[in-house]
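The values are calculated or read from the model by the stated rules, or taken from the named source; none is laboratory data. Bear in mind the structure is a predicted one, so any value in this text is a computation, not a measurement. Here the Cβ positions follow ideal geometry from the backbone for every residue, glycine too, while neighbour counts run over all protein chains shown. Areas reflect the complete protein model, heavy atoms only, side chains present, ligands, DNA and RNA absent. Shrake-Rupley method; radii C 1.70, N 1.55, O 1.52, S 1.80 Å.
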Amino acid sequence: MTSFQTAPSISVVDIDNLTLETERLNLRRFNEGDLDNLYKLLSQEEVVRYLYGEVQTREETQERLTKRLEMNSLKDDGDTLILAVEEKQTGAFIGDLVLILTSVEFSQGEIGFVFNPEHHGKGYGYEASTEMLRYGFEVLGLHRIKGRCDGRNKASAALMKKLGLKLEAHFIENEWVKGRWTDEMVFAMRRSQWDTQAQPIT
């Protein structure tokens, strides 16, 4: 029997005032008042250790925040959504989540995350990232979402595995980052896998 599939397509969404919510967290667009929180996050050596950039100055953080405020669409290749993650109970800034529209033609996206070490061990990364995957698949209509990390970043790799993303590639010393060759690990999930995973247990 021949299997027919629907051609890939994404939905037009409004992200200007987007707010997502989980049991313990609020995920919202960044605003001008987030400079101190973002600077506190990106000025930590532990936070940027496995990222491409170095620790940020306050001026560099302001430039980065300004760029985030200008990101207002998810319709073209390269368009990016970055959400601040806050603890509901206290309003504490936990970190940020990224969703990049990598291919409109093939309904592809990429997820990323950076969380403050002060809040590690609480399951916030899993909770927030699960909601971003839900948004990508069920609202935006993506067919496939990938995630990448430095091969040394065991915590990020473990989180992506826990989220249900499968390791598809491990490139050996494929990038020169901060004065050394580094590995890159690529994980991914398809919409069909998400649908199966998201089914309630009966």
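For region 61-118, what is Rg from Cα atoms divided by 2.2 N^0.38 Å, rounded to two decimals? Display every interim value, and only then the final one.
Values: Rg = 13.3 Å, N = 58, 2.2 N^0.38 = 10.3 Å.
Expressed relative to 2.2 N^0.38 Å, the Cα Rg reads 1.29.
With a bin width of 5 angstrom, please list the P(r) values of region 4-64 as percents of all Cα-Cα pairs, from the 0 bin to the one holding the largest distance.
In whole percents, the pair-distance histogram is 4, 13, 16, 14, 16, 15, 10, 6, 4, 2, 0.
Before rounding to the nearest 500, sum -39500 (n - 2.57) across all DSSP H runs of length at least 4 in the chain and divide by the residue total; then give [θ] at 222 nm in deg cm²/dmol.
On the way: 6 runs with 54 residues, N = 202.
Value at 222 nm, helices only: -7500 deg cm²/dmol.
Please tell me the relative contact order of region 123-202 in percent, rounded to the nearest whole number, where contacts are Cα pairs under 8 Å and at least six residues apart.
On the way: 101 pairs, mean separation 24.8, N = 80.
Rounded, it is 31 percent for region 123-202.
Only Lys, Arg, Asp and Glu count, each charged at its Cβ (+1, +1, -1, -1), so figure out the dipole size of region 60-101 about its Cα centre, rounded to 20 debye.
Working: 5 positive and 9 negative charges, 24 e Å.
Magnitude of the dipole: close to 120 debye.
Around ARG152, with a cut-off of 14 angstrom between Cβ atoms, what is the net charge of the other residues, counting Lys and Arg +1 and Asp and Glu -1?
Working: positive: ARG49, ARG148, LYS154, LYS178, ARG180; negative: GLU46, ASP150, GLU173, GLU175, ASP183, GLU184.
Value of the local net charge: -1.
For THR196, what accessible surface area do you get with a 1.4 Å probe? Give it in Å², rounded to 10.
THR196 has an accessible surface of roughly 100 Å² with all protein chains in place.
Could you state the principal axis extents of the C-alpha atoms in the chain, from the largest down, to the nearest angstrom?
60, 40, 37
May I ask you to give the solvent-accessible area per residue for region 36-136, in square angstrom, as obtained with a 1.4 angstrom probe? Could the numbers behind the result be given before it?
Numbers: 4820 Å² over 101 residues.
In whole numbers, region 36-136 has 48 Å² accessible per residue.
Taking the Kirkwood radius as the inverse of the mean 1/r across Cα pairs, report the Rg/Rh of region 119-202.
On the way: Rg = 14.4 Å, Rh = 14.0 Å.
For region 119-202, the value is 1.03.
Can you give the relative contact order of the chain as a percent, counting alpha carbon pairs under 8 Å and 6+ residues apart? Could the numbers behind the result be given before it?
Numbers: 351 pairs, mean separation 36.0, N = 202.
Worked out over the chain, it gives 18 percent.
May I ask you to give the percent of accessible area on region 70-202 that is carbon plus sulfur, with a probe radius of 1.4 Å?
On the way: 3300 of 6540 Å².
The value for region 70-202 is 50 percent carbon and sulfur by accessible area.
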